[in-house]
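Read the structure below first, then the notes.
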Amino acid sequence: MPNKGLTYADAGVDIDAGDRLVDRIKPLVKATRRAGADGSIGGFGGAFDLKAAGFRDPVLISGTDGVGTKLRIAIDTGILDTVGIDLVAMCVNDILANGAEPLFFLDYFATGRLDTEKATAVISGIAQGCKDSGAALIGGETAEMPGMYEGDDFDLAGFVVGAAERDDMLPRHNDMEAGDVLIGISSSGPHSNGYSLIRKIVDLSGLSWNDPSPFSENQTLGQALITPTKLYVKSVLPLIKDGLITGLAHITGGGITENTPRMLPKSLRYDIDMSSFPRPSVFSWLQETGNVAEPEMQRAFNCGIGMVLAIKPENMTAVLERLEAAGEPSWVIGQLKNA
């Protein structure tokens, strides 16, 4: 029998650390406030007022995702303040493909031992991603689970709820036809996909995360590969609301070849010229170092394109000009054809 009564702390769970974390992230959460949400945290649930957000005939659209094995690089390098952006981006970019405006976000952070400093760094990235995409961070869960995660390991999951006016939902299959134009918007790198293959290639290269990046100046390899996923809400949502987009594909796992068809009706197929846009040097290095065949590259990675937009030919100039004004490098990369 133990000499004294056991506590939760004796079992490896520090409730006080959890309370300290909540206190530290309250200002971060408050900074994500938007119409419809008050940005508070600490209760049992989060509320959102659709009427206050200005919707007339809304359809709710939700999504969930994680960061995958990119977390391994973040943990090993100690660069923890951007994986939260990845988490938000993977969720909000997905529902954007359905025409949805992100409204609110919730996160799940699980670890074996809660380190307040590290958790705050992670959640600061989540808050930044929410702020940059117009979503309120209205709640989440921090789970300290000794015996489930070793050392500094942790996992993340995110949940977003958005809304679209019924008439703005994507894709609009009835408005798509052969001859429509496909526009690709640049990615910031591999985003959050293909990292199990990336880590395998890094192992084969013999480089460490702290070595100079062979494809990016003034960065270590770890810094270059931890570049966060790009958020497309602010640049693309206005185009959706103005009726300039008929389909949108978020290029994630499966690359261009498997994600582009997801926005198309069965009567149409896509024709993309992979030489019509520049391929970032990170992908060239990965392909050469890992001896990865081109079809595998296109299936595992985004190869430089984070979003593919389907538009009418008459809207091409306007869309390209507005994307340029928003600071988004973009190119005409193909067109739709009859299946």
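The values are calculated or read from the model by the stated rules, or taken from the named source; none is laboratory data. No experiment lies behind these values; they were computed from the predicted model shown. Glycine also receives a Cβ, built like all others from the backbone with ideal geometry; neighbour counts cover every protein chain displayed. Each accessible area value is taken on the protein alone, full model and side chains, heavy atoms only, with ligands, DNA and RNA left out. Shrake-Rupley method; radii C 1.70, N 1.55, O 1.52, S 1.80 Å.
Here the accessible area of the chain is 50 percent carbon and sulfur, with a 1.4 angstrom probe and all protein chains present. Approximating the spin labels as points 7 Å out from Cα along Cα→Cβ, the ASN210-to-ALA326 distance works out to 4.1 nm.
Ordered by packing density, taken as the mean number of other Cβ atoms within 10 Å over each peptide's residues, highest first, how do 191-203, 320-332 rank? Walk me through the numbers on the way to the answer.
Values: 191-203: 18.8, 320-332: 15.2.
Output ranking for 191-203, 320-332: 191-203, 320-332.
Run the helix sum for the chain: -39,500 (n - 2.57) per DSSP H stretch of 4+ residues, divided by residue count, reported at 222 nm to the nearest 500 deg cm²/dmol.
Numbers: 11 runs with 113 residues, N = 339.
Rounded to the nearest 500, it is -10000 deg cm²/dmol.
What the Cβ-Cβ distance of GLU150 and SER188 gives, at R0 = 35 Å and to the nearest 0.05, is a FRET efficiency of 0.70.
List the residue ranges in the chain for DSSP H helices whose C-alpha atoms run 18 angstrom or more along the long axis and whose Kyte-Doolittle average is 0.0 or above.
Span-like helices here: 83-96.
A Förster radius of 25 Å, combined with the Cβ-Cβ distance separating ARG24 from ALA47, puts the computed FRET efficiency at roughly 0.65.
Which of the pairs LYS131/LYS230; LYS234/LYS337; LYS70/LYS241; LYS234/LYS266 have their Cα atoms more than 24 Å apart in this structure?
Distance filter (> 24 Å) returns LYS234/LYS337; LYS70/LYS241; LYS234/LYS266.
Taking the centroid of alpha carbons for each part, segment 142-181 and segment 190-240 are 20 Å apart. Label reach from THR120 (point 7 Å along Cα→C-beta): in segment 135-165, no amide nitrogen lies under 13 Å. With the Cα gyration tensor of segment 49-105 giving a ≥ b ≥ c as the square roots of its eigenvalues, does the rule (a/c under 1.5 for rounded; else a/b larger than b/c for prolate; else oblate) give rounded, prolate or oblate? It is prolate, given that a/c is not under 1.5 and a/b is the larger ratio.
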